[in-house]
Every structure is written in structure tokens, then in C-alpha cells.
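What follows is a single structure, written as C-alpha cells, with notes after it.
Every number here is computed from the coordinates shown, using simple stated rules; none is lab data. What you see is a predicted model, and the numbers here were worked out from it, not measured in a lab. With ideal geometry, Cβ positions are generated from the backbone for all residues, glycine too; neighbour counts draw on all protein chains shown.
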Amino acid sequence: MVFSSILFLFYFLPFVLVLYFLAPKRYRNFILFISSLLFYSWGEPRYIWIMLFSTVLDYTCGRFINYYRKIHRPNKMRFWLNISIFSNLTLLSFFKYSDFIISNINNIWRTNIPLLNIALPIGISFYTFQTMSYTIDVYRGDTKVQNNIISFGTYVTLFPQLIAGPIVRYQTIAEEINSRVESYVLFSEGIKRFIIGLGKKVLLANNIGLLWKNIFHMDVESLPVLTAWVGIFSFGFQIYFDFSGYSDMAIGLGKIFGFNFLENFDYPYMSKSITEFWRRWHISLGTWFKEYVYIPLGGNRNGRYKHLRNILIVWILTGIWHGASWNFVLWGLYFGMILIIEKLFLLKLLQKMPQSIGRIYTIFLILISWTIFAFDNLTDSAKYIKALLRISKDNIYDNRFIYLFYTNGFLLLILILGSTNIPKKFWQSIYSRFKYKENILWAMENIYLIIVFLLSTAYLVDQSYNPFLYFRF
Amino acid sequence: MKEKGRTILFIILILFLSIGNILTPIKTFSSKENRYLQGLPEIKYDSILSGRFNKEFETFATDQFIGRDSWISLKTIWDLSMLKKDNGRVYFGKEDFLIDMNKEIDEEQFTKNITNLNIFLNKVESLGDIKITALLVPSKSKALAHKLPSYGPTIDEGKLVDRIKSSLNINILDLIDILSKKSNEYIYYKTDHHWTTKGAFYAYEYYLDKIGDKPLKEDDFIISKVSDDFLGTSYRKANLYLGNPDKIYTYIPKDKVNYNLTINNQTKTYDLYDRSFLDKTDKYSFFLGGNKALIEIDTSINNGKTILIIKDSFANSFIPFLTNHYDRLIVIDPRYFKGDIFGFLKDQQVNEVLFLFNVQNFVQEKSFNIFSR
């Protein structure tokens, strides 16, 4: 199930909300657990076993690690930690990377091993990372062990963050799993956050996605330069508003049920360097790799050579985490290289220059990275990059560009503004200036949220609009 | 306090819509979309496991959403106020014209159609003295190009016609110029992709002129309005339309001609128009009762001339004009006709063959392999 659907908004969510808030506190985890399983199994009933297996396994490992800590047997502790990490990585590799590995073997040794054609279980990249964070943290003593399997299951399967993150580390919500306080303040914040996320996804990301799809299908060899640029900007906006919208919805839902997840995005397109970009983009993933890969490898402490090696390892892994295909490896490597160059000297240079230079430099490199991300083979990315740079007098724009530009111009403007913190700052300044009219402002905010909610609903209902035209011309 | 207000406000909003959904009766048919809506799927063990139940339930939830049509209109209103000029299916053109967006030309299909047609034409030519003409109708997006939103991209049908002309060795008449010149008259419906009877009349005039016959003049017809609430296919694709519905006219010749129609070898009727469709969604089927595999029309014009018309739906409002000039008209729609067209033609002593198609349809229609059989 996805949040941006009629099914979720008007069937699943009201049902769970009513059940959850009518039930006494001690049953609430259980209700969340069961409804999360329902949420997950809706699309893919068979794969629920993998998630349950993962839950039981990591619960067990967590308890063993804790037990052997108490009786001071560090070897056994490490053994159970390794069981957990090994199993999670095996699950993830088997379901996500088998066919990628097989097709590469076939390519290199000219063998003919048949592909397994396994459908990727939804959210497996997210929940395996979450459960690993739990066992590792228990091992390190960074968090307390969870003895109640329902509570642990609630953490693993928690539907707000289950299928597309953010990657919530167990320590972040360890307290709230056991004793959280739902409140009107949190609920109302959650509603706001959820609706803003819904609007980002349904009204903005999906719409600009149509433009990208349109340009994506054009003949890249004859693509006018400006069309190519609008195309890759569209993709950049689509992926940001889609993903950050989803994170907003997750964080909002979390608040409604009394959880405080950490932020996952912080206006990444305002960054003045790639280093900064990755501190603002998909923060939970960056944190995970830093905590559980980069620092354990030694981080920056063992000399320059090892430092650079660690950066490259982390970024190849980050790339391949996004998808089982070479373009994602290259995408990760691309960022790894830029980050190394920035660490070596560029960052210092950029800081001396005007901010606008840094911003343009960053956006340019990000957009180029999206061309690697968007096409699953490198020839197509190369062709697209060529189209971006193919400036000649008669190939700047065409009539189609004018049409696409003016019919999407308003949307693009909203997206540009929406990628910055300008709207937020503006609203905050209004709030502080008209403090004495707080009620009116509050009412305006609610009206805004209602409009976004109703428009999003209209878009979702329209998705099934499917006129049957009874004759083929 | 404020927070409590917002919480309650939104809980009420969601519950209102969600309970409203459960309480409103299930609709089976959407006349706006002209399709059956998804009903409540049966709960069965294996359909749940295979995911079919889930999929159907999701469609059910959306199809049966309370006030569905109004939500869909709201979406379109929002799109238009965001300066959008199309919804991926139609352009919202000038003066309330809804204009279908063109699909990309499939070159492979183009080549296939030309090959199949050439096989057929060679066979027909071997029969000797048969006049073969193709009358190609431009799409609304071409003939009414100035009604499109500014710079709206379309397929260049002029180029397409040139390519057809250079690859088929028959008399090809394209109506692009004729109809473009009349583009300020009511020659295409605003809410449907077809031409009006008037548009068909201009095509008829042009065609007879070109084959050396004498067309009737507009004055020779009694022109009467048979419907003023026609909302066509483009309307359905648009889902929001603020203009007036279209009108349907008939052109009945003052000098009455008698005819009888044999449809698919059996049904005998005496009318070129099927009035029952005027009360239905699909009002264009008023002409000839819609698309039929085979229609044979015998008229009281005893001039011994027989014409075979191979056509798409544009011909349906055009053919009534031809009944004033031929003894016998045979109308074949290759999309529905399953027999051997050439064999049929041989048996029938045909003097003329007319292909009447929309330009794009002529090269993209998938049923033309029937010609090479």
C-alpha cells in the first residue's frame, strides 16, 4: 500500500486511527504491529514471511548479545552480532542483487546461467538496514535491548516508515516504543506534515514527472538544448519532491502516533557544495553509512590513503544500495570522487568564492548525476549529457519547448521556490509580524492544508479516470 | 486548544469522506466515461493470495469514491488554472475546442500498412478498369490548427500525406487544404474527433468534383438539426468541458432517393440513420448505426454504378451523400470485416474503389493485414 492512494487515506488510515486511539495504551503497539503487517501484505502477501523472519532473528540476536554481555563473553556477543549482520545482508543480496550478479557472471565468462527473476520485496533495503542498526547498537551498548517481541516487531514493521524510509535507527525511537505520549500538539503537527508531504508527492512530483516522462521519450539525438535542461531539472524536482514528500508523510504519520523520527531532508538543492548536499539529502541513509560503515572502517583517522579508500567504499555501497545496476555504482562513485576532490582542496576554494558560484557548481553536478541515475545504461546517459551540452545556433529551442515551458512554467516556479526555505521563512516572518492576529493566521494555515488535501484527493480519484472510447477512431 | 481544533477538524473531514464512501450506494456504470465501474470484489482465499482481490479493491475504492465526477472536474480545473493546456489526452483549445493529442507515428506500422495496401492494389489493378481513389481526412489538430493552444505540438500530417503519395500508386486526394480553408465554419465537432456533416459535405463536393462527377449543392438539401446535446469522445477524454454541447445535423436531399440497407448480410433497414443512438452516449453512431463490418446499400438511382468504400468511422457521415450518385454502395470496415476483401470485390462488378480514412489512421491502423491475405 502507498500513502498517496484513496485506499490508504480513506479506508486504512481512518480504520487504524479509530482502533488505535480507542484502545487502551498497552494494546497500542499490538494494533500498530498488526496494521503494519496488513499495510505491508496488501501489495505482496507472500513476502511478509521475510519480514517476520527478519524480526524474529534480530530480536533473538539482540537478546543473545545482551545476555552474553551480562556474563562477559565478548566472543559470543560478536558471534550473534555476526549472525544478524550476515543474515540481513544475505537476505538483501539474495532478493536485490542475485540477478545483477548472475548477469555479470554471464557477461564476463560467457556462461548462460538463467536469471532468477525475483520480485524485490518492498522496503527490504530499508528494514534490513533498520534491524542491523538495532543489533549493532545493542552490541555497542548504544541502546538497550528490547525484550518484548511485539514492541520489537512494531519497530521493524512500523508502517509510516516501512517502505520508503526514512531509515529510523532503533535508538531514535527506543524510548517511544515502550512509552510514548500521543498528544493534540503532536497530532496536529503530524497532520500538517503529512498533508504537506502528500501535496509534494501528488500535486508536485507526479505532475513534473509527466513533463520528464514526456521529454524522456523524445528523440535524444535531436533534443534542443533548453528542452534537455528543462527535462533534467524536471527529473531532479520529481525525485526530490517524491522522496522528501514521502519522508514528510512518514514523519507526519509518526507524530500522529506519538513518534519523533529524525529529519531526512533539509533543502538539499540550496547546498553550496556536494559535501553539504549529502548532509542535507536522505540524511538517514548518510548517517547509517557513516555510523555503521565509514567509522568502523577507521573514518579519517588512519592517514590520508585509508581515508580516501573509506570514502570510496562508502560511496560505492551507497550507489549500489539505490539499485542493482551499474549506473548506480557509477553514480555512487561519481559522488565519491567529487567528495574526495572537495576534501582535498575544492571546499576551501569554494568557501572563498561568492555563494552563488557554489550553488551553481553544486546544482550542475547534481543534475549531471541525475542523468546517470535516470537512465539504466551508460550510453543513454552519455547521449543525454551530450544533448545538455550541444549548444548550436539552430538547436536552442523549438515550438514544442515553448509549449512545454509555458504550460509548465507555473509549476516549475512553485518547484523552484519549494526547493528553498523561502516559503518557510516568509510564513515565519508573517507569523512574527502579525503575532496579535495569530488566530487568523492559524485559520489561514488550516484552509491551506484543507485545499492541498482536497486537491490531492481530486488527483488521486482522477488516476483511475479511464474513459472508454468504444471505437478506435 | 488550537491543536485540538485542527486535530478534530481533520479527523472529521477524513471520517466524513470515508463513512460517506461506505454509505453511498455502489454505481455500476459511468456514463461520463462510458464504462462499467469496479464493484465490490468477492473475498476469496486464492484471489487474496494472488493479489487480485487487493487490486480490484483499490480500483473499487477509487471508482466508487463519493462524488467521483466532481473530484475529477476539480482536478482539471486546477490543471487549467496552473496554465496547463492539455491533460495528456486532449488539448483544451481555443473557443472551447477539445482537440485530441496525436500519438507518435509508429514507423514499423506505417511500412506494414503501405506494403499490405500495395499487395491489394496490384491485385485490383489486374482486374482492369477500376478507378481507385484514397480520400484522406486530416485530424482536427491539422485542419483546425489555429484552434490549438499556441505552439501545441502535433504530428505534421502534410508530410505524412506526401509520404503516402510517394509510396502508393493511386489517386490520392487529401482534404487538408480544402478543410483548412473552411476552418472557421462548423466542420468538426468541438467535443468529438469526427467531422460534422458539413465537413463531410465539403469532402463530398471535392471528391465528386475530382472524379469528374457533379455534386449536389448545399441548397439541394434540407438541413435539419437532430441533436443539440452531443458530447463526444474528446469530451470524455477531457472530463471537464465548459462550452456548449455539439449539434448534429442531417443533410437530406430534396430529390428523394430510396434505398435499402443490408447490414452484415442480414439486417434489412431502410434508413441511413439510426435514431436510437441519439438518446445514448455514443451519438455519432447515429450515422449508419455505427461501424459495421459490411453494409450494402442499394439505391433507386439506376445508373449501374457500384462503388466499394473501404473506410473508418469518418466515412459514416460522408456515405449518405454518395447515395445520391451510385446504384449500389458496398461499405467495408477492415477493422471488423473478417472475409476476403479482394474475392468479394471480384464477385461484385465494382466500378470504383474509395479508401476513406483519417490520415494517421490510414498508416497506423492495425487491421490492414487483411489486404494481403
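Things worth noting here:
- Two-decimal log10 I(q)/I(0) for the stretch A:6-180, as the Debye equation yields it once each C-alpha is a single scatterer, q = 0.08, 0.10, 0.17, 0.18 Å⁻¹: -0.30, -0.45, -1.05, -1.13
- Simple label model, 7 Å out from Cα along Cβ direction - A:Met353 to A:Ile71, nm: 6.2 nm
- Cα-Cα separations in the stretch A:187-413 greater than 28 Å, expressed as whole percent: 38 percent
- Prolate/oblate/rounded call for the protein assembly as shown, Cα gyration tensor, a/c under 1.5 rounded: prolate
- Exposed loop sites here mean GluC sites (Glu not before Pro) with a DSSP loop assignment and at most 12 other beta-carbon atoms within 10 Å; chain B contains its longest site-free run at B:186-373.
- Across the stretch B:123-137, rounded Karplus estimates of 3J(HN,Hα) from the backbone phi angles (6.51 cos²θ - 1.76 cosθ + 1.60, θ = phi - 60°) give 5, 5, 4, 5, 6, x, 6, 10, 7, 10, 10, 10, 10, 9, 9 Hz, Gly and Pro being marked x.
- Dipole-positive endmost among A:Thr154, A:Ser247, A:Gly209 within the protein assembly as shown (Cβ charges, Cα centre): A:Thr154
- Relative to the Cα centre, the charge distribution of the stretch B:277-316, modelled as +1 at Lys and Arg Cβ and -1 at Asp and Glu Cβ, gives a dipole magnitude of about 60 debye.
- Legend: P(r) of chain A from all alpha carbon pair distances, 10 Å bins from 0, whole percents, reading 4, 16, 26, 28, 18, 7, 1, 0.
- Rounded to the nearest whole Hz, the Karplus-based 3J(HN,Hα) values (6.51 cos²θ - 1.76 cosθ + 1.60, θ = phi - 60°) of the stretch B:211-217 follow the sequence 8, x, 10, 10, x, 6, 8, with x at glycine and proline.
- Rounded, prolate or oblate (a/c below 1.5 giving rounded, otherwise prolate when a/b exceeds b/c) for the stretch A:152-309 by Cα gyration tensor: oblate
- Dipole magnitude of the protein assembly as shown about its Cα centre (Cβ charges: Lys, Arg +1; Asp, Glu -1), debye to nearest 20: 3800 debye
- Cα-based Rg of the stretch B:273-373 normalised by 2.2 N^0.38 Å, two decimals: 1.09
- Here the stretch A:193-260 is assigned +1 on the Cβ of each Lys and Arg and -1 on the Cβ of each Asp and Glu. Its dipole about the Cα centre then comes out at about 380 debye.
- More than 17 angstrom apart: percent of Cα pairs within the stretch B:83-124: 55 percent
- Kirkwood hydrodynamic radius over Cα pairs of the stretch B:106-372, then Stokes diffusion coefficient at 10 °C and 1.306 mPa s, in µm²/s: 83 µm²/s
- Counting DSSP beta bridges with both ends in chain B, the antiparallel % (nearest 5): 55 percent
- Residue-count net charge about B:Ala203 - beta-carbon cut-off 11 Å; Lys, Arg +1, Asp, Glu -1: 0
- Built amide H within the under 5 Å cut-off of B:Ile132, gap 5+: B:Asn171, B:Val353
- Cα radius of gyration and Dmax for the stretch A:49-92 (Å): 10.9, 34
- Three-way shape label, the stretch B:89-149, alpha-carbon gyration tensor, a/c 1.5: oblate
- Normalising the average separation of contacting C-alpha pairs (under 8 angstrom, six or more residues apart) by the number of residues puts the relative contact order of the stretch B:248-373 at 24 percent.
- Counting only lysines at least 8 places from A:Lys343 when in the same chain, those with an alpha carbon closer than 29 Å to its own are A:Lys272, A:Lys290, A:Lys306, A:Lys352, A:Lys386.
- Charge tally for A:Ser133 (other residues, Cβ to Cβ under 13 Å; Lys, Arg +1; Asp, Glu -1): -1.
- At least 30 Å along the helix axis (C-alpha) and Kyte average at least -0.5, DSSP helices within chain A: A:48-70, A:225-256, A:438-462
- Derived value for the stretch B:201-271: Kirkwood hydrodynamic radius 15.5 Å. Basis is the mean of 1/r over every pair of different alpha-carbon atoms.
- Straight-line cross-link reach from B:Lys27 at under 20 Å between alpha-carbon atoms covers these lysines, not counting any fewer than eight positions away in the same chain: B:Lys55, B:Lys280.
- Cβ-defined net charge surrounding A:Ala164, 14 Å radius [Lys, Arg +1; Asp, Glu -1]: 0
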